[in-house]
Amino acid sequence: MDMALTLLGVIGVWGIGIAFSVNLLPKPAKSSEPFSHIVEVLGLGVILGFGGTALFYLLWGMSGLSYTSPLSYIWMSMGIIIGISTLFVQNRSLKQKTHCTESTAEIDFKRLCLGILLFLSVSTILQCLMTPQRFWDERAIFGLKAIVIFQEATIQSDSLLHPDFVQYHPKYPLLIPLNEAHFYLLFGEVNDRWSKIIFPMLYVGMTLTFLGTILQLTRQKVRTWLFTLMLATVPVMVPFEYGFLSGQADGPIACFHTVTLLYLWRYLSGLKNPEDKRSSSTRYLIIAGLTAGMTIFTKDEGIAFFLIDLIALSIITLIYFRNQFVLAVTSIFKFGITTVIVVAPWFYHREQLPSTTEMGYFSRMQISTFAEGMAALTWAIQHLLWRMFLQAGKWGLQWWMLILSFVAFPLKAIKPNQLFLLLNILGALAALLIAGMIAPTAVEEHIGESSQRFLMQISGAAVLFIAGQWICDQE
């Protein structure tokens, strides 16, 4: 019974996201292939579905209303109906637009790649569901909150305010616990095995969104499939036990952050195209803002990623589009304001939560603290290089491939969309090094034990940069 409810629950969440995706994404060009648009809709639907479900439950709880099983069934049923109806209408409209122009060899290759992606997706789901929640973070930081929300039917519980009960993490974001609570309400009980379906589904969503988006930007379909397989097989994401196979937040962060960068990259890719429609560009910025907000609502690292995104976007617009001042300012504003709107309810609720052992990075940004942390900087740099390059066999070749791709096409690397990704990656690495310098804990503990998970979160950006370097006919 739980398996059936899990399947229906996923379809319901997916359906909600599909409805958002269809309305947010620009209509495909008449000359484009319907397959790529449908794939993008399905992938983005997973991501927006889980993000939207958590935001709905947050607003419902902040309104003082109780979480009940009928509420979860209504949300599921509404999603199934809306999702199926939206896909039916979308499929009919796309069939009337164009016809298949692929050769037999291209079709066979596509089927092979689809088979591999299907195998990877199913195996990831099965591996994830083989175990219940078993790691510290997934149980003590996220899982415990989901159980309280389910049992007490509210996010206003006194238990969530008690620092000892919530393991000194009362201010951790609630996207994961609220989604888990949604499935518990469907089951009528706590089942922390089936509720883990969230994590491999986000892996599927990230992969499909990446594939569908880039297929629409290039005629080099074979390379696009290969780079999608590269993303889907990054070892630090799968099968690393702390990646998408666990109930921890690092996999979802990697998903939301990768999709945020994907749509900002897509926006920058089309800015110099004279046929580019400003309405389409706005849609990409809004999608990026939504997923950036979901990143923040998943884990506090999302705040740093959002600031880095804003800074990198500002630098690119200043360098390349300073003659289009209004365009530059409005672009940054649209992305930023969308993110702020998404996270505003959470930060309002968060203000009511007690502070405990938070590291207070912003308050520790002082000259004296930086001076004290200089000794840790050398160790942290050496450690990161060791993780990225000398342990490539364990965590993935994406960093070696990034360097190779930069050397192979250095002029392409300074195009706006590609330089944006480089700045973003460098900014993220710099943020990690700064955090190691000013954190109140030893750098060996703070960075040494978590660097692989942080690098997982930005591996999608590396693969996207690699794809951008080798795909010649971007918008």
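The values are calculated or read from the model by the stated rules, or taken from the named source; none is laboratory data. Predicted, not measured: the structure shown is a model, and the values here were computed from it. No Cβ is skipped: glycine too gets one built from the backbone with ideal geometry, and neighbour counts run over all protein chains shown. We work out accessible area using only protein heavy atoms, side chains counted, and drop any ligands, DNA or RNA first. Shrake-Rupley method; radii C 1.70, N 1.55, O 1.52, S 1.80 Å.
To keep it simple, each residue is scored yes or no on (1) under 25 Å from residue 200 (Cβ atoms); (2) touching a helix residue (DSSP H, G or I) at 6+ places or on another chain (Cβ under 8 Å); (3) open to solvent by less than 50 Å² (accessible area, probe 1.4 Å).
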{"position": "73", "(1), (2), (3)": "yes, yes, no"}
{"position": "106", "(1), (2), (3)": "no, yes, no"}
{"position": "110", "(1), (2), (3)": "yes, yes, yes"}
{"position": "114", "(1), (2), (3)": "yes, no, no"}
{"position": "130", "(1), (2), (3)": "yes, no, no"}
{"position": "139", "(1), (2), (3)": "yes, no, no"}
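Conditions first: (1) within 23 Å of residue 119 (Cα to Cα); (2) of a type in the set (Val, Ile, Thr); (3) buried (at least 24 other Cβ atoms within 10 Å of the Cβ). Residue 238 passes all but one, so which condition is the exception?
(3)
Considering each residue of region 38-62, count those that are surrounded by fewer than 24 Cβ atoms within 10 Å (Cβ to Cβ), more than 16 Å from residue 83 (Cα to Cα) and either at pLDDT below 95 or hydrophobic (A, V, I, L, M, F, W, C) (or both), and give that number.
Adding up the residues that qualify gives 6.
In this structure, is residue 262 in contact (Cβ under 8 Å) with a residue 60 or more places away in the chain and within 25 Å of residue 396 (Cβ to Cβ)? Give the derivation first.
On the way: in contact (Cβ under 8 Å) with a residue 60 or more places away in the chain: yes; within 25 Å of residue 396 (Cβ to Cβ): yes.
Against the criterion (in contact (Cβ under 8 Å) with a residue 60 or more places away in the chain and within 25 Å of residue 396 (Cβ to Cβ)), residue 262 qualifies.
Scan region 197-224 for residues that are touching a Leu at 6+ places or on another chain (Cβ under 9 Å), open to solvent by less than 10 Å² (accessible area, probe 1.4 Å) and either hydrophobic (A, V, I, L, M, F, W, C) or in a loop (DSSP other than H, G, I, E, B) (or both) and jot them down.
Of everything in region 197-224, those that are touching a Leu at 6+ places or on another chain (Cβ under 9 Å), open to solvent by less than 10 Å² (accessible area, probe 1.4 Å) and either hydrophobic (A, V, I, L, M, F, W, C) or in a loop (DSSP other than H, G, I, E, B) (or both) turn out to be 199, 206, 210, 211, 214.
Tell me, which helices (runs of 4 or more DSSP H) wholly within region 392-475 include 3 or more residues that are over 24 Å from the mean Cα position of the chain (by Cα) and modelled with pLDDT of 90 or more?
Qualifying helices (runs of 4 or more DSSP H): 398-408.
Would you please list the contacts, defined by Cβ atoms under 7 Å and residues six or more apart or on different chains, that run from a residue in region 128-145 that is at pLDDT 90 or above to a residue that is surrounded by fewer than 19 Cβ atoms within 10 Å (Cβ to Cβ) and of a type in the set (Val, Ile, Thr)?
none
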